[in-house]
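The values are calculated or read from the model by the stated rules, or taken from the named source; none is laboratory data. Just so you know, these numbers come straight off a predicted model, no measurement behind them. Because the Cβ atoms are built from the backbone with ideal geometry, glycine has one as well, and the counts that use them run over all protein chains shown. SASA here: full protein model, heavy atoms, side chains in, ligands and nucleic acids out. Shrake-Rupley method; radii C 1.70, N 1.55, O 1.52, S 1.80 Å.
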Amino acid sequence: MTPFAKKKDIKRDWYIINAQNIAVGRLASFISKVLRGKNKPTFNPNIDNGDFVVVTNIDKIKFTGKKFKEKKYYRHTGHPGGIKEITPARLVEKKKSHEILKLAVKRMLPGGPLSKQQLTKLKLYSGTIHPHDVQKPKIIDFDKLNKKNLVSN
């Protein structure tokens, strides 16, 4: 019989990632795997056994190519003709640079109430200071995992 992880058996770790000069898509895919718990041998798609992720220096995250100016995020207000679009450059102007990574991670998670619960374990900070030192997060050198993770624009 396949062993399923019970709620009391789940151990949640804390990870910290410095997002300075890191490609958005690569970072978002890694974070979504950790939030879902796919990096653990006890992964089950209907159980929230993922870990917490703290991302610092979110305002210094990079896109590859021309995506910073040309990529568009669409949303609909629900009214006829109510489609709205915004670019990452405009989000940075509005001081909402954390929304860039949050949207990327959110769209990589499967839809439903479980993904909303998993997304709450993502903590984004614009500087290097964060209030999660008490949890003793493990540092992940994301730029050292693969040389393509680092964007030098």
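Results, tabulated for the structure shown:
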| read-out | value |
| --- | --- |
| Accessible surface, 1.4 Å probe, highest first, among residues PHE63, PHE68 | PHE68, PHE63 |
| Overall dimensions of region 23-63 as given by Cα atoms, namely Rg and Dmax in Å | 11.9, 34 |
| Contact order relative to length of region 1-126, as percent, for alpha carbon pairs under 8 angstrom and 6 or more apart | 30 |
| Protection proxy ranking of 110-123, 31-44 - average other beta-carbon atoms within 10 Å, highest first | 31-44, 110-123 |
| Size descriptor, Kirkwood hydrodynamic radius, that averages inverse alpha-carbon separations across region 66-130, Å | 13.6 |
| Theoretical gain in end-to-end length, ILE129 to LEU114 [0.36 nm per residue, Cα-Cα removed] | 2.5 nm |
| Relative packing of 96-104, 83-91, 133-141, which averages over residues the other C-beta atoms within 10 Å, highest first | 96-104, 83-91, 133-141 |
| Entries of LYS38/LYS147; LYS38/LYS95; LYS11/LYS66; LYS7/LYS62; LYS33/LYS66 with Cα pairs more than 30 Å apart | LYS38/LYS95; LYS11/LYS66; LYS7/LYS62 |
